[in-house]
Amino acid sequence: MDMHEKRFAGDLDRLRSPERIGLLEVERVVDLCMENSQTSSVLDVGTGTALFAEEFARHGLKVAGADVNPETLPLARSFVHLGDFREGPAEALPFQDNSYDLVFLGLVLHETDDPLKALAEANRVARKRVCILEWPYTDQPFGPPLAHRLNPEDLVRLFQEAGFRKWKMTILSNTVLYCLDI
């Protein structure tokens, strides 16, 4: 498999369509990520057009983002002016250890070349929590093909191998949110 073969390569404007925002329940996801946690900063891994980063910023958080696609970063900055957006893959985040209270991977873990390494990096950079929004392991008329989705049993194994011992899974209307506490 080529590096970043599963990387999003579509129309960036489509990532912010009203239909997609509703489908992803952006406000609800952000609220769930911050639930029962004193959170003042977040790193949005695979930030794309900063859809989730913008919602975190609306909640008053210090926001940063990383994306392997450099063409997304100017757009991300246009939505979150004070955000620190950097080019970098989930497997090698360009941030120091324990830099952010929350590390968020929104619909990106399934696109990584090495999900275990991406989880280990998220664990390295997070102080309190890592939240992962993913597609359910089922065929849907939207999102990636089933072959690119992550099986929940494999995810649990990856969580454990990356050093996480406690997590909560929340099934949403069209996605699944995993919150892993450090």
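The values are calculated or read from the model by the stated rules, or taken from the named source; none is laboratory data. Computed from a predicted structure; not experimentally measured. A quick note on method: Cβ atoms are made from the backbone with ideal geometry, for glycine too, and the neighbour counts reach across all protein chains shown.
Name the pairs: first residue in segment 158-169 and at pLDDT 95 or above and of a type in the set (D, E, K, R), second residue surrounded by 13 or more Cβ atoms within 10 Å (Cβ to Cβ) and part of a loop (DSSP other than H, G, I, E, B), Cβ to Cβ under 7 Å, at least 6 apart or on different chains?
Sorted first by the residue in segment 158-169, then by its partner, the list stays empty.
When you scan segment 108-133, how many residues do you find that are surrounded by 23 or more Cβ atoms within 10 Å (Cβ to Cβ), assigned to a strand (DSSP E or B) and not aliphatic (A, V, I, L, M)?
Of the residues in segment 108-133, 2 are surrounded by 23 or more Cβ atoms within 10 Å (Cβ to Cβ), assigned to a strand (DSSP E or B) and not aliphatic (A, V, I, L, M).
Take ASP97 and decide whether it is in contact with a Lys or Arg (Cβ under 9 Å, 6 or more places away or on another chain), part of a loop (DSSP other than H, G, I, E, B), without any contact (Cβ under 8 Å) to a residue 60 or more places away in the chain and over 24 Å from ILE171 (Cα atoms).
On the way: in contact with a Lys or Arg (Cβ under 9 Å, 6 or more places away or on another chain): yes; part of a loop (DSSP other than H, G, I, E, B): yes; without any contact (Cβ under 8 Å) to a residue 60 or more places away in the chain: yes; over 24 Å from ILE171 (Cα atoms): yes.
So ASP97 fits the description; yes.
Within segment 35-43, identify whether any single residue is crowded, with 16+ Cβ neighbours inside 10 Å, within 14 Å of the chain's Cα centre (by Cα) and part of a strand (DSSP E or B), and answer yes or no. Steps first, please.
Here is the first cut: in segment 35-43, the residues crowded, with 16+ Cβ neighbours inside 10 Å are 39, 41-43.
Retained after the next criterion (residues that are within 14 Å of the chain's Cα centre (by Cα)): 42-43.
Adding the requirement that they be part of a strand (DSSP E or B) leaves 42-43.
Yes: one or more hits.
Of the numbered conditions (1) surrounded by fewer than 22 Cβ atoms within 10 Å (Cβ to Cβ); (2) modelled with pLDDT of 95 or more; (3) touching a helix residue (DSSP H, G or I) at 6+ places or on another chain (Cβ under 8 Å), LEU75 fails exactly one; give the number of that condition.
Here LEU75 meets the rest and fails (2).
Can you work out which of the residues in segment 65-94 that are in a strand (DSSP E or B) and of a type outside the set (Asp, Glu) is nearest to ALA53 (Cα to Cα)?
Going through the qualifying residues, I end up with GLY65.
Quick one: LEU105 ticks every box in (1) in contact (Cβ under 8 Å) with a residue 12 or more places away in the chain; (2) of a type outside the set (Asp, Glu); (3) assigned to a loop (DSSP other than H, G, I, E, B) bar one, so which box is it?
Failing condition for LEU105: (3).
Here are some conditions: (1) at pLDDT below 95; (2) in contact with a Gly (Cβ under 6 Å, 6 or more places away or on another chain); (3) of a type outside the set (Ser, Thr, Tyr); (4) outside any helix (DSSP H, G or I). GLY10 meets all but one. Which one does it not meet?
If we test GLY10 against (1) at pLDDT below 95; (2) in contact with a Gly (Cβ under 6 Å, 6 or more places away or on another chain); (3) of a type outside the set (Ser, Thr, Tyr); (4) outside any helix (DSSP H, G or I), just (2) comes out false.
Starting from segment 53-74, keep only residues that are of a type in the set (D, E, K, R), then list their pairs with residues that are part of a loop (DSSP other than H, G, I, E, B) and buried (at least 20 other Cβ atoms within 10 Å of the Cβ) whose Cβ atoms are within a distance under 8 Å, requiring at least 6 positions of separation or different chains.
Once the first residue is of a type in the set (D, E, K, R) and sits in segment 53-74, its partners that are part of a loop (DSSP other than H, G, I, E, B) and buried (at least 20 other Cβ atoms within 10 Å of the Cβ) give GLU54/VAL80; ASP67/GLY46; ASP67/THR47; ASP67/GLY48.
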